[in-house]
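Rule-based calculations on the coordinates, nothing more; no lab input. As the structure is a computational prediction, the values presented were derived from the model and not from experiment. Don't worry about glycine lacking a Cβ; one is built from the backbone with ideal geometry, like all the others, and counts go over all protein chains shown.
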Amino acid sequence: MPFRDSEPRDPLATRIDAEVRQRLEEAVDYACLEMMVAARRARGLPPPATDNAADRREFERGVLAFLSTLERELALAAPPPARAVPVAAEAGGEVGRLLAVQVTLAKSLPDYWQRFDAARAAWVGDGGLGGRPEPPMDSSGDTRGLLTRLFGRG
């Protein structure tokens, strides 16, 4: 039985997946940076710095937390076939897997971006806590494309 990945892919489908993924990376970057800046401002701290390793680690934790929140909140809205498709880990580990899940959801939910925006607003509004008692991430201050630079996607 051949592996699913060994089958030839439609070049248009591959390109669409790449475009959706890039848009998702940018939207996730923005949401995480927005939350970090808001959390810093609320605590009277300076904004995150691009060259600060602690800020960078905090940003990475925020990306993972936000993508996990999106998976929990949006996967239930997906039609059963999209929910049933397992998404294997890819380059970037868990973040790569979670992004792949979001690509699948973005292609299957007609109102995906409205749901994304609602989840982003709620997540930023509660400081990225998702109702948990842990403190929000410190911060990391890279803008657009940080996921690509961190995880070698491009």
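Under 10 Å from the Cβ of PRO47, count the other residues' Cβ atoms, weight Lys and Arg +1, Asp and Glu -1, and hand me the total. Net local charge, PRO47 excluded: +1.
Between ASP126 and TRP113, the modelled label-to-label distance comes to 2.6 nm, taking each label 7 Å out from Cα in the direction of the beta carbon. Karplus-derived 3J(HN,Hα) values for the stretch 101-108, using 6.51 cos²θ - 1.76 cosθ + 1.60 with θ = phi - 60°, are 4, 5, 4, 4, 5, 4, 7, 9 Hz; glycine and proline are entered as x. Here the Karplus curve 6.51 cos²θ - 1.76 cosθ + 1.60, taken at θ = phi - 60°, turns the phi angles of the stretch 113-122 into couplings of 5, 5, 5, 4, 4, 5, 5, 4, 4, 5 Hz, with x standing for Gly and Pro. Across the stretch 12-25, computed HN-Hα scalar couplings (Karplus, 6.51 cos²θ - 1.76 cosθ + 1.60, θ = phi - 60°) run 5, 4, 4, 5, 4, 4, 5, 5, 5, 4, 4, 5, 4, 4 Hz from first to last residue, x flagging Gly and Pro.
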